[in-house]
1. With the Cα gyration tensor of segment 346-387 giving a ≥ b ≥ c as the square roots of its eigenvalues, does the rule (a/c under 1.5 for rounded; else a/b larger than b/c for prolate; else oblate) give rounded, prolate or oblate?
2. For an R0 of 35 angstrom, estimate the FRET efficiency from the Cβ-Cβ distance between Glu199 and Arg312 and round to the nearest 0.05.
3. Let me have the relative contact order for segment 148-249, percent, based on Cα pairs under 8 Å that are six or more residues apart.
4. Relative to the compact globular guide of 2.2 N^0.38 Å, what is the alpha carbon radius of gyration of the chain, as a ratio?
5. Relative contact order, percent, of segment 399-447 when contacts are C-alpha pairs under 8 Å separated by at least 6 residues?
6. Roughly what percent of Cα-Cα pairs across segment 138-280 reach past 25 Å?
7. Which whole-number percent of Cα pairs in segment 370-447 have a distance greater than 17 Å?
8. Divide the volume of the convex hull of the Cα atoms of segment 260-302 by its number of residues and quote the answer in cubic angstrom per residue.
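Bear in mind that the values in this text are calculations on the coordinates, not laboratory data. As the structure is a computational prediction, the values presented were derived from the model and not from experiment. All Cβ positions, glycine included, derive from the backbone under ideal geometry; neighbour counts span all protein chains shown.
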Amino acid sequence: MSTAPAQRATAVPNDLEAYWLPFTPNRAFKAAPRLIARAKDMHYYTPDGRAVLDGTAGMWCTNAGHNRDPIVAAIQAEAAALDYAPAFQFAHPKAFELASRVAALAPGDLDHVFFCNSGSEAVDTALKIALAYHNVRGEAARTRLIGRERGYHGVGFGGISVGGMVNNRKLFGALLAGVDHLPATYNREHQAFSKGEPEWGAHLADELERIVTLHDASTIAAVIVEPMSGSTGVLPAPKGYLPRLRVICDKHGILLVFDEVITGFGRLGHAFAAERYGVVPDMITFAKGITSGSVPMGGVIVRKGIYDAFMRGPMHVVELFHGYTYSAHPLACAAGLATLDLYRDERLFERAHKLEPRWAEAAMSLKGLPNVLDIRCVGLTAGIDLASRPGEVGKRAYDAMDKAFHQENLVIRAAGETIVLTPPLIVSEGEIEEMFAKAARVIKAVA
Ligand SMILES: Cc1ncc(COP(=O)(O)O)c(C=O)c1O
């Protein structure tokens, strides 16, 4: 019989070794850690008390700002009232309330909500619903899924299969079978330094027709795209591109999924980007901003016709064999409700919309700085492409991110060789100035 103790007698406090950081160069991080101990509103605080301006809303998620009192209070109250209720065969009242509130924000007849815990789970859920939907309607041959080059849909096998970022795919085997990709919509030659949606590129939606011709519509289940590709470095949809995709999908009976994990909850000045573009997709995936990053949560909003297609068969039989232990977790629902109240009461989506021109102007002021090849912006997002140093792709933007944190007290994001800025929606005009002034100094420092 083993006599090993349940826990080691001495834990090693503050040892950096055991933690394997996600999407992070671990050795470089552990040599010079960027540690955050607290946060409030627009700022982080390091363990030694340095205030650091948050230029990225965490990771596109703390849209209402950090540690907002009503959200904190709602989480605390729910933790004391209901830690957990089974997600299958049982439910708690706040799950219904939050689903209704989310559905009310979504356009058209997108009025049923399936909850999960992250953007990756939301994407895999949406892809599974698409396949099952065609199946229950007797079109089981519709199994192909279409994504887009440079798309990011999280890290589940479904998400990386339809995604189009090579480093996220290349080490992980054959992925899902029967996936095809639309071309990326970015072309620097035609679009450099566009404010908002570029004029050039709507015709790239017609590539879907080519894919339909290749495979036949009867084999295609769904198309999934981000209205604005975020993780690949802020690529707004070209003008007219998304409506064109909608028309082609309708023509061929293909479901259209908008992955709004980033663009949902105000990032582009609306509850969902679908509203900005006047397009009603068949499903919307969301996460991040639903709780302003405070508790993990994701979900899929589906059109009434999709939900209804499953509501058949004997009453006691499960209609969709899918779900998670923590679907609609009580703490996440409480945080979500408090977050949606804040968005409404402080009119934060309208605020993002109003700030967009000021933001775009400030972003474009970086044009002409050393190594700046392109700047893109839409809503409260900006992507600044830098020229790579010879043989070191990504190193300049990485150094910029590191210097911004340690020397300028600013958090920015490095996506490949792109600097990305996406502040909380409570950002003030003064903080926008401060953010881009700091970013300018950093860009000069890594020249
Ligand atoms: C468009 C999109 N989909 C899915 C995801 C994955 O979300 P998560 O990291 O919560 O799994 C992300 C994350 O950034 C995203 O931007």
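1. Because a/c hits 1.5 or more and a/b exceeds b/c, segment 346-387 counts as prolate.
2. Working: r = 46 Å, r/R0 = 1.32.
Here the calculated transfer efficiency is 0.15.
3. After rounding, I find 30 percent.
4. Values: Rg = 22.2 Å, N = 447, 2.2 N^0.38 = 22.4 Å.
Rg over 2.2 N^0.38 Å, computed on Cα atoms: 0.99.
5. 43
6. 25
7. Here the long-distance tail beyond 17 Å is 39 percent of all Cα pairs in segment 370-447.
8. Enclosed volume per residue, from the Cα hull, is 50 Å³.
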